[in-house]
Amino acid sequence: MIQKMATEELDRFGEKIIEGLELSDDDLRALLSLESEEELEKLYHVARKVRDHYFGNRVFLNCFIYFSTYCKNQCAFCYYNCKNEINRYRLTGEEIKEMCKALKGAGFHMIDLTMGEDPYYYEEPDRFVDLVRTVKEELGLPIMISPGVMDNSTLLKAKKKGANFFALYQETYDPELYKNLRVGQSFEERFNARLFAKEQGYCVEDGILTGVGNDIESTVISIRGMKSNNPDMVRVMTFLPQEGTPLEGFRENSKLSELKIIAILRLMFPKCLIPASLDLEGIDGMVYRLNAGANIVTSILPPDSRLEGVANYDRGMEERDRDITSVIKKLKVMGMEPAPQAEFEKILGC
Ligand code: SF4
């Protein structure tokens, strides 16, 4: 559909999206089928045009605190699944407090508190609520929580203590693929937890994986599935095989690249936050993702941190290029800059 368009036509297409044009399933199929470098560059051009209309050259910065890597689940793609014999950690309240001190004034727009479905917190969810309270008191910044499928009453309590965003990735809306990825977990419970959070005034993030056995049809289903949540942030991440997991040996030469899907998400969700994660390719990867239409940098680690990311291209490396100073430096080179905090809070409706 955009293969033959010249620059002015591409711009016109971007304008139509801004005016409210909705892509059909056939449009999605056509865009997901794009392959050549030239076609993809055209797609990124339109995505940037739409992104720039709403956000200009301003980017948001999300600090990632993976405070517990314990988990009771067995997701086939995840390094932290409970069957994997790995070293795990759970930060203490004191350690989190200390970390907050180091984060004061660092320039983050939001703090993302992530954990596996750690039995320590699931048995006594008020421990989790307490942690949210501590981080809010220390930093006063918007808080994203990524605690897995937490019960409704804990979500409400966490909101009262200052949580603003609830992140919960479905990974796929293709029921067969879901069963293989989120082994033994209910599709509906996951979907409903996000729905409940949204109804209660949280902003919500949904996300899908690519390169994990999803074809064009299942990707269309997943994009439509995410749309049905009315999310505030939508993410796509490339599956990276993880040592010690059932999908350790899975390799796919996927044509459904993360960058292509990021750009399509920008056309489907023009006003949403779309992450450029550092988790897979660090700062260089951030540049590609921003150029494909993303507008929030995620998986930035706290200063001097040895904490985990999610997929961790840099696990075990001595030098980790995932700090906020390196990110801002690179943004400047790209002609972009961190957005004012007020702009972020407007999105949250704070
Ligand atoms: S993806 Fe989340 S819920 Fe699944 S095993 Fe990993 S940490 Fe646990």
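The values are calculated or read from the model by the stated rules, or taken from the named source; none is laboratory data. This structure is a prediction, so every number in the text was calculated from the model and none was measured. Note: ideal-geometry Cβ built from the backbone for every residue, glycine included; neighbour counts use all protein chains shown.
Where residues in region 70-81 are crowded, with 20+ Cβ neighbours inside 10 Å and not hydrophobic (A, V, I, L, M, F, W, C), which of them is farthest from the ligand (Cβ to nearest atom)?
TYR79
Might you let me know whether region 175-186 holds any residue that is of a type in the set (Phe, Trp, Tyr) and within 14 Å of the ligand (Cβ to nearest atom)? Break it down stepwise before answering.
Taking region 175-186 and keeping what is of a type in the set (Phe, Trp, Tyr), we get 178.
Restricting the remaining residues to those that are within 14 Å of the ligand (Cβ to nearest atom) gives 178.
Yes, that holds for at least one residue.
List every residue pair whose Cβ atoms sit under 9 Å apart, with the two residues 6 or more apart in sequence or on different chains, where the first one lies in region 72-83 and is closer than 18 Å to LEU280 by Cβ and the second, anywhere, is near the ligand (Cβ under 6 Å from one of its atoms) and assigned to a loop (DSSP other than H, G, I, E, B).
Matching pairs, first to second residue: CYS75/ASN81; CYS78/CYS71; CYS78/GLY116; TYR80/CYS71; TYR80/ASN73; TYR80/GLY116.
Just to be sure I understand, how many residues within region 20-37 are part of a helix (DSSP H, G or I) and closer than 16 Å to LEU265 by Cα?
Our first condition is that a residue be part of a helix (DSSP H, G or I); within region 20-37, this holds for 25-32, 37.
When the remaining residues are screened for being closer than 16 Å to LEU265 by Cα, the result is 25-32.
Counting residues in region 20-37 that are part of a helix (DSSP H, G or I) and closer than 16 Å to LEU265 by Cα gives 8.
What are the residues in region 129-187 that are under 18 Å from ARG235 (Cα atoms) and not hydrophobic (A, V, I, L, M, F, W, C), if any?
Passing the criteria: SER146, PRO147, GLY148, ASN164, TYR169, GLN170, GLU171, THR172, TYR173, ASP174, TYR178, ARG182.
List, please: which pairs have Cβ atoms under 8 Å, are six or more places apart or on different chains, and start with a residue in region 310-336 that is assigned to a helix (DSSP H, G or I) and end with one that is modelled with pLDDT of 60 or more and within 16 Å of the ligand (Cβ to nearest atom)?
Pairs that qualify, where the first residue is assigned to a helix (DSSP H, G or I) and the partner is modelled with pLDDT of 60 or more and within 16 Å of the ligand (Cβ to nearest atom): there are none.
Would you check which residues across region 95-123 are more than 30 Å from ALA342 (Cβ to Cβ) and at pLDDT 95 or above and list them? Full working, then the answer.
First, the residues of region 95-123 that are more than 30 Å from ALA342 (Cβ to Cβ): 95, 116-123.
Once the filter is applied, which keeps residues that are more than 30 Å from ALA342 (Cβ to Cβ) and at pLDDT 95 or above, region 95-123 yields GLY116, GLU117, ASP118, PRO119, TYR120, TYR121, TYR122, GLU123.
Go through (1) of a type outside the set (Asp, Glu); (2) in contact with a helix residue (DSSP H, G or I) (Cβ under 7 Å, 6 or more places away or on another chain); (3) part of a loop (DSSP other than H, G, I, E, B); (4) farther than 19 Å from VAL183 by Cα and name the single condition LYS255 misses.
All conditions pass for LYS255, except number (2).
Would you please list the contacts, defined by Cβ atoms under 8 Å and residues six or more apart or on different chains, that run from a residue in region 146-173 that is touching a residue at least 40 places away in the same chain (Cβ under 8 Å) and over 19 Å from LEU348 (Cβ atoms) to a residue that is of a type in the set (Lys, Arg) and within 16 Å of the ligand (Cβ to nearest atom)?
Once the first residue is touching a residue at least 40 places away in the same chain (Cβ under 8 Å) and over 19 Å from LEU348 (Cβ atoms) and sits in region 146-173, its partners that are of a type in the set (Lys, Arg) and within 16 Å of the ligand (Cβ to nearest atom) give VAL149/ARG190; TYR169/ARG235; GLN170/ARG190; GLN170/ARG194; GLU171/ARG182.
Anything in region 1-18 that is in contact with a Lys or Arg (Cβ under 9 Å, 6 or more places away or on another chain) and not aromatic (Phe, Trp, Tyr)? List them, or say none. Can you show your working first?
Keep residues of region 1-18 that are in contact with a Lys or Arg (Cβ under 9 Å, 6 or more places away or on another chain), which gives 2-3, 5, 7, 10-11, 13-15, 17-18.
The answer is ILE2, GLN3, MET5, THR7, LEU10, ASP11, GLY14, GLU15, ILE17, ILE18.
Residues are listed down the side, and each one gets a yes or a no for (1) more than 10 Å from the ligand (Cβ to nearest atom); (2) assigned to a loop (DSSP other than H, G, I, E, B); (3) polar (S, T, N, Q):
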residue: LEU61; (1), (2), (3): yes, no, no
residue: PHE67; (1), (2), (3): yes, no, no
residue: LYS83; (1), (2), (3): no, yes, no
residue: ARG88; (1), (2), (3): yes, yes, no
residue: GLU95; (1), (2), (3): yes, no, no
residue: ALA102; (1), (2), (3): yes, no, no
residue: GLY107; (1), (2), (3): yes, yes, no
residue: ARG133; (1), (2), (3): yes, no, no
residue: MET150; (1), (2), (3): yes, yes, no
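Does GLU41 satisfy the criteria of being among the acidic types (Asp, Glu), more than 16 Å from the ligand (Cβ to nearest atom) and on the phi < 0 side of the Ramachandran plot? Walk me through how you get there before you give the answer.
On the way: among the acidic types (Asp, Glu): yes; more than 16 Å from the ligand (Cβ to nearest atom): yes; on the phi < 0 side of the Ramachandran plot: yes.
Yes: the conditions hold for GLU41.
For region 253-305, enumerate the residues that are β-branched (Val, Ile, Thr) and surrounded by fewer than 21 Cβ atoms within 10 Å (Cβ to Cβ). Before you say what the answer is, go through the steps one by one.
Step one: of region 253-305, the residues β-branched (Val, Ile, Thr) are 261-262, 264, 274, 283, 287, 296-298, 300.
Answer for region 253-305, where residues must be β-branched (Val, Ile, Thr) and surrounded by fewer than 21 Cβ atoms within 10 Å (Cβ to Cβ): ILE283, VAL287.
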